[in-house]
1. Looking at the range A:103-114, can you tell me whether even one residue there is farther than 18 Å from B:Y36 by Cβ and modelled with pLDDT under 95?
2. Of the residues that sit in the range B:27-51 and are under 14 Å from B:Y70 (Cβ atoms) and small (G, A, S), which one is surrounded by the fewest Cβ atoms within 10 Å (Cβ to Cβ)?
3. Could you check the range B:8-26 and list, in sequence order, the residues that are within 13 Å of chain A (Cβ to nearest Cβ) and either closer than 14 Å to B:I71 by Cβ or modelled with pLDDT of 95 or more (or both)?
4. Check off (1) surrounded by 15 or more Cβ atoms within 10 Å (Cβ to Cβ); (2) not in a loop (DSSP other than H, G, I, E, B) for B:A20 and give me the number that stays unchecked.
5. Return yes when A:L115 is aliphatic (A, V, I, L, M) and more than 9 Å from chain B (Cβ to nearest Cβ) and no when it is not.
6. Which of the residues belonging to the range B:65-101 are in contact (Cβ under 8 Å) with a residue 24 or more places away in the chain, among the small types (G, A, S) and under 18 Å from A:T99 (Cα atoms)?
7. Would you check if A:A2 is aliphatic (A, V, I, L, M) and within 29 Å of B:E5 (Cα to Cα)?
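The values are calculated or read from the model by the stated rules, or taken from the named source; none is laboratory data. Keep in mind it's a predicted model, so treat the numbers as computed, not measured. All Cβ positions, even for glycine, are placed from backbone atoms using ideal geometry, and neighbour counts span all protein chains on display.
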Amino acid sequence: GAGVSQTPSNKVTEKGKYVELRCDPISGHTALYWYRQSLGQGPEFLIYFQGTGAADDSGLPNDRFFAVRPEGSVSTLKIQRTERGDSAVYLCASSLTGTSGETQYFGPGTRLLVL
Amino acid sequence: RKEVEQDPGPFNVPEGATVAFNCTYSNSASQSFFWYRQDCRKEPKLLMSVYSSGNEDGRFTAQLNRASQYISLLIRDSKLSDSATYLCVVNSNSGYALNFGKGTSLLVTP
């Protein structure tokens, strides 16, 4: 079946601009996660959705970052007033229920470059 | 201190060699442990979960030592296709969020 998909695959923007990154999880998965991976680092947790609600947004670095999942499926990560330090690969993952220890399936990521 | 620490690598080994990766974690309350594999410019993919009794999947063996908060991955008879970055992963206090190590790069050469 279809895996997690993310669009766009690459995004180049200028400092100060607004960007939206989209994630389409595996059908039927109620849990959705956003991670950010900087060069040479492992992914770092940003936010977790259980259904439509953000159950944990403790990983969001500051209030420029916001994410939604209005219908409990597709999610959008929104970054306002982008900064060069926001350049990274933004990974989305989904899992069936969000239970601890459950396998998370990752999408291919969106490579964001802020000039 | 990072929650998950790994060998820095890179590891360059010839085909057929046995290679071992180590990882330590700081949260003694962690309950779930994994090794993920990440190919260059690709997403992480689950290689195997790690259980307290140790577990094996073909050429791959994972061990967990809860007392020392230490996880290992052993790859026997390395193949060229094993070349990738191996990420040690531990669940966070929340249970659902994953804490990743920086990863260890493996290059298997002919």
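1. No, every residue in the range A:103-114 fails to be farther than 18 Å from B:Y36 by Cβ and modelled with pLDDT under 95.
2. Among them, the one singled out is B:S28.
3. Scanning the range B:8-26 gives B:C23, B:Y25.
4. (1)
5. yes
6. Answer for the range B:65-101, where residues must be in contact (Cβ under 8 Å) with a residue 24 or more places away in the chain, among the small types (G, A, S) and under 18 Å from A:T99 (Cα atoms): B:S92, B:G95.
7. no
A quick yes/no check of all residues on (1) in a loop (DSSP other than H, G, I, E, B); (2) within 14 Å of the chain's Cα centre (by Cα); (3) free of Cβ contacts under 8 Å to residues at least 24 places away in the same chain; (4) more than 14 Å from chain B (Cβ to nearest Cβ):
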{"position": "A:Q41", "(1), (2), (3), (4)": "yes, no, yes, no"}
{"position": "A:L46", "(1), (2), (3), (4)": "no, yes, no, no"}
{"position": "A:S58", "(1), (2), (3), (4)": "yes, yes, yes, no"}
{"position": "A:T76", "(1), (2), (3), (4)": "no, yes, no, yes"}
{"position": "A:R81", "(1), (2), (3), (4)": "yes, no, no, yes"}
